[in-house]
């Protein structure tokens, strides 16, 4: 296999395109911290840090779970269980991506670098939580909640005045959609002794809880705009976001998960990008 083909396979393995889930929130934190467009070099290092962190975390997740993936019909064709990527190659990707993350943090500021091991460690820790807690979806939410905080600290080198309601909103947004996505493997998880909210509560109750999480996220995202003095453009984004969240719950039902990819991939990317653009436009017109 050529190097280009191998890299393409590695990127597909970690669903690199889904970096769009977390990256816009990191940019939102950076734009709020600078009350507008941050310095270009800072923005570049933030983007590089996010790409490195997510690549490392997803690669680690695929390595840790490859034995389960091999036994699960839904995931048996993933690169590692299918033999397209070796464990050595996957570990090498994780090491390189982690190095990129720390290098980017080093080039931002001291506080970002100090927090970097904890932030990356938390994203890696998520991958093992299904082995002992049904609240794994919330752990993933906490990990991604560091995205806007990281963007803020990258600009300000300080926690001062950070709108923590934004991070808590991200936490519940992520926990909600990950709970829905977890319904795909509810039966497999129960069979293998793995933990998840769908496996513990059943799909119907898991969907209800995910809806509650998303309602909390909507309230917290709205509170972010109020705390930051954002204008009508931000709230237009909030309305669009609430519509996308509602559409997710209409599109996918506990008894019919066939359209979950449209819900998980398209709508969540739309939500994160919309909130970022709404924040940017609001700041630009204050």
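The values are calculated or read from the model by the stated rules, or taken from the named source; none is laboratory data. Here the structure is a predicted model, which means the values were calculated and not measured. Neighbour counts run over all protein chains shown; Cβ positions are idealised from the backbone, glycine included.
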Neighbours by Cβ (under 8 Å, 6+ apart or cross-chain): first from region 133-146, on the phi < 0 side of the Ramachandran plot and surrounded by 24 or more Cβ atoms within 10 Å (Cβ to Cβ); second at pLDDT below 95 and assigned to a loop (DSSP other than H, G, I, E, B): 144/22
Answer from 281, 226 - the residue that is out of contact with any strand residue (DSSP E or B) (no Cβ under 6 Å at 6 or more places or on another chain), free of Cβ contacts under 8 Å to residues at least 40 places away in the same chain, part of a helix (DSSP H, G or I) and under 29 Å from residue 162 (Cβ atoms): 226
Every residue from region 1-47 that is modelled with pLDDT under 95 and either part of a loop (DSSP other than H, G, I, E, B) or over 23 Å from the mean Cα position of the chain (by Cα) (or both): 1, 2, 3, 4, 5, 6, 14, 15, 22
Residue under evaluation residue 245, criteria (1) closer than 25 Å to residue 285 by Cα; (2) buried (at least 18 other Cβ atoms within 10 Å of the Cβ), criterion not met: (1)
For residue 113: the one exception among (1) within 23 Å of residue 65 (Cα to Cα); (2) part of a helix (DSSP H, G or I): (1)
Given (1) closer than 16 Å to residue 22 by Cβ; (2) buried (at least 19 other Cβ atoms within 10 Å of the Cβ), index of the condition residue 100 fails: (2)
Members of region 195-206 found to be closer than 16 Å to residue 138 by Cβ and outside any helix (DSSP H, G or I), listed by number: 195, 196
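If you go through region 68-104, how many residues are in a helix (DSSP H, G or I) and touching a residue at least 60 places away in the same chain (Cβ under 8 Å)?
Of the residues in region 68-104, 5 are in a helix (DSSP H, G or I) and touching a residue at least 60 places away in the same chain (Cβ under 8 Å).
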